[in-house]
Amino acid sequence: MALFRDENTPMIDRYRWWEVAGIYAGIFAFLFFLLAPFLEGFLVSLRPLSQLFTSPYRFIPENGSFEAYSGVFERLPNFWRFVFNSFLISTAVTVAVLLLVVPAAYAFARFSFRGMAPVLGAFLAVSMFSGAVLLIPLFRLMRTLGLLNTYWAMIIPGVAFLIPSAIWLLRTYMMRIPVELNEAAYMDGASQFYTFRRVILPIASPGIVVVAIMTFIGAYSQQFVFALTFNSKTEYMPLPIGLFAFFGKQEVVWNQLMAAAFMGIAPAVIIIFFLQRYLVGGLTAGAVK
Amino acid sequence: MTNSRSAWIFAWALLAPAILYVLVIVAWPLVETFRLSFTDASLKKTVNWVGGANYAKIFNDTFLAVIVRTFTWTFFSVLLKMIIGTCGAVLLNSAVPGRHLFRILTMPPWIVPMAIGIFMWSWMYNGQFGMISGLLQRFGLTGGPVAFLAYGSTAYWATIVTDVWIGVPMVTIYFLAAIQSIPKDLYEAAWTDGASRWTRFRRITLPLMMPAVITMSMLSLIATFNSFDIIWILTRGGPSGQTTTMIIDTYNTAIGSKKYGEGSARAVVICIFLSLFCLAYFRVTRRLQTIGGRE
């Protein structure tokens, strides 16, 4: 007997009941692996600390409460400052990346002068080296420039490593804009710069939005190693480092750490639900045709 | 139009800021790492040229063990990401109700700040009270609590599992897009000829998603080789160096012990491996493009 048999289901998509059961079992196992840490983390955040350390293990908390959430602010008066810092750094990185990448992506999409192909290859090669490998000279550079323990030390290096994927993504998008538009603008006597600003940029803006979102997420999720190494001032710490510094020490206050983590990721989770269409598009556009 | 001199100037002017930026923040540090690796740079003011002494010093059994460990760690992590990613993509591609929701639910590990996801895993691995140890005890699979991060071999696998967890969403979504770009009529033709679901997967899906698998495994290889946050937060390379990969090792030498010269020599070794991967990647993707007839 086949399930989901109605007029609209193509024959090829009809499953036997055991096939459906198998698919759902597989999907649930897969999603359990991906979501279990969040589920467990959330339940931990609802438990009083004393109840956390009980044997035998229980999954569902008894008399759970949101106490740990308010406790976070007592332990970490700087909590919102950390969240603000995370947003500030990611926003600054995103703006800088866009300023550098939008013109460059257009150049790669529209012109093919000698030497540009190797430059594009070199940009892609940059993404192969993580910041962690280049920390020593970057550390010395930041120290020489007097930028250690400032926001700049976390923004400047971060930008460089997000440039390659942004260029690749936006170049793919811009190549789909018809060349005829450039030609028409040229016939009308528009300068190269005018064409870029008044003709191309407005058409490319949806692509720029996708790149901005991807860059922001990258900047928000990867602000660890530079912040760990180049900054030791509490007031400039982004959220992950702030939590790492305050909870990683002796006795870990797990329920508050989890509560803080959840408050910290709430913005990201909201972003997923509103922008997931862009995310899938953004992730795949640059890669698979 | 695109051949004129002014277009040439305009194109390079558009590229110049990005090129300059990357030269200063990536290319120059690369050269500098290479230069420093031949010096005894440290916190002292004076920097002396020491020739190959740093390299002579680091090439010992401990460092070779670190290299081997980095390769096995990366290998298992990438392999698991590819297998789980393929299974996930195939499952999410099936025409069952709720698949759009399932696709969204795949993304959190990728979208959430990496460090925060890792904090959650560090609780999961907690020996006495964490979920994994707790469930294992509940079902009587282990005699007592297992403190995963306290022993070398379990910590090694625990860090791999966390790395896989972070990498799988991206791999899955990418593979899903690859599967969906396979022309539907191939499946219909095979179905008409009576091919089973398994045969269709084995003979159509798998071969046609292979370019995506190869591309992704190369990219994933490079990213995993560079992995720092996961191991640093979970174990800091311990216990007794059992999860120390080359990146962690370099960080400990350079930033921990402030031995910039020796740390640079270790970083240079990483860079050599990365350059080889990078070359291989460009080679493979070029070959894939000629086979697939893509642009």
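The values are calculated or read from the model by the stated rules, or taken from the named source; none is laboratory data. Keep in mind it's a predicted model, so treat the numbers as computed, not measured. Here Cβ is always computed from backbone atoms with ideal geometry, including for glycine, and neighbour counts include all displayed protein chains.
With respect to B:Phe148, determine if the residue is over 18 Å from B:Phe76 (Cβ atoms) and surrounded by 23 or more Cβ atoms within 10 Å (Cβ to Cβ). Before you say what the answer is, go through the steps one by one.
Values: over 18 Å from B:Phe76 (Cβ atoms): no; surrounded by 23 or more Cβ atoms within 10 Å (Cβ to Cβ): yes.
So B:Phe148 fails the test.
Tell me, yes or no, whether region B:54-71 has at least one residue that is in contact with a strand residue (DSSP E or B) (Cβ under 9 Å, 6 or more places away or on another chain) and in contact (Cβ under 8 Å) with a residue 60 or more places away in the chain. I'd like the intermediate steps shown before the answer.
The initial filter retains those residues of region B:54-71 that are in contact with a strand residue (DSSP E or B) (Cβ under 9 Å, 6 or more places away or on another chain), namely B:54.
After this cut, where a residue has to be in contact (Cβ under 8 Å) with a residue 60 or more places away in the chain as well, the list is B:54.
Yes, because at least one residue in region B:54-71 is in contact with a strand residue (DSSP E or B) (Cβ under 9 Å, 6 or more places away or on another chain) and in contact (Cβ under 8 Å) with a residue 60 or more places away in the chain.
Working only within region B:222-235, note down all residues that are more than 10 Å from chain A (Cβ to nearest Cβ) and under 24 Å from B:Tyr281 (Cα atoms).
Answer for region B:222-235, where residues must be more than 10 Å from chain A (Cβ to nearest Cβ) and under 24 Å from B:Tyr281 (Cα atoms): just B:Thr224.
With (1) in a helix (DSSP H, G or I); (2) more than 35 Å from the chain's Cα centre (by Cα) as the list, and B:Glu32 as the residue in question, which single condition is left unmet?
Going through (1) in a helix (DSSP H, G or I); (2) more than 35 Å from the chain's Cα centre (by Cα) one by one, B:Glu32 breaks only (2).
Scan the helices (runs of 4 or more DSSP H) fully inside region A:177-236 and keep the ones with 1 or more residues being assigned by TED's automatic domain parsing to the domain that holds A:Pro267 and of a type in the set (D, E, K, R).
Details: elements: A:179-187, A:201-221, A:225-230.
The helices (runs of 4 or more DSSP H) meeting that bar are A:179-187.
Out of B:Ser77, B:Ser37, which single residue is closer than 14 Å to B:Val268 by Cα and either more than 14 Å from chain A (Cβ to nearest Cβ) or touching a residue at least 12 places away in the same chain (Cβ under 8 Å) (or both)?
Numbers: B:Ser77 fails: closer than 14 Å to B:Val268 by Cα.
From the options B:Ser77, B:Ser37, the qualifying one is B:Ser37.
Out of region A:226-247, which residues are crowded, with 24+ Cβ neighbours inside 10 Å and facing another protein chain (nearest Cβ under 9 Å)?
A:Leu228, A:Pro238, A:Leu239, A:Pro240, A:Ile241, A:Leu243
With respect to the numbered conditions (1) buried (at least 16 other Cβ atoms within 10 Å of the Cβ); (2) out of contact with any Cys (no Cβ under 9 Å at 6 or more places or on another chain); (3) facing chain A (nearest Cβ under 8 Å), which one is the sole condition not fulfilled by B:Ser181?
(1)
Out of A:Ala132, A:Ala125, A:Ala104, which single residue is outside any helix (DSSP H, G or I), facing chain B (nearest Cβ under 8 Å) and either closer than 29 Å to B:Leu15 by Cα or modelled with pLDDT of 85 or more (or both)? Break it down into steps so the answer makes sense when it comes.
Numbers: A:Ala125 fails: outside any helix (DSSP H, G or I); A:Ala104 fails: outside any helix (DSSP H, G or I).
After ruling out the rest, the residue left standing is A:Ala132.
Considering only region B:239-278, state which residues are more than 9 Å from chain A (Cβ to nearest Cβ), surrounded by 18 or more Cβ atoms within 10 Å (Cβ to Cβ) and more than 25 Å from A:Arg143 (Cβ to Cβ).
B:Thr243, B:Thr244, B:Thr245
Which of the residues spanning region B:93-112 are hydrophobic (A, V, I, L, M, F, W, C) and more than 7 Å from chain A (Cβ to nearest Cβ)? If you could, list the steps in order and put the result at the bottom.
Step one: filter region B:93-112 for residues hydrophobic (A, V, I, L, M, F, W, C), giving B:95-96, B:101-102, B:104-105, B:107, B:110-112.
Matches in region B:93-112: B:Leu101, B:Trp110.
Within region B:184-202, how many residues are surrounded by 13 or more Cβ atoms within 10 Å (Cβ to Cβ) and on the phi > 0 side of the Ramachandran plot?
Final tally of qualifying residues: 0.
State yes or no: is A:Arg277 assigned to a helix (DSSP H, G or I) and at pLDDT 85 or above? Walk me through it before giving the result.
Numbers: assigned to a helix (DSSP H, G or I): yes; at pLDDT 85 or above: no.
In short, no.
Check off (1) in a helix (DSSP H, G or I); (2) over 30 Å from B:Pro113 (Cα atoms); (3) within 11 Å of another protein chain (Cβ to nearest Cβ); (4) of a type in the set (A, V, I, L, M, F, W, C) for B:Ala195 and give me the number that stays unchecked.
(1)
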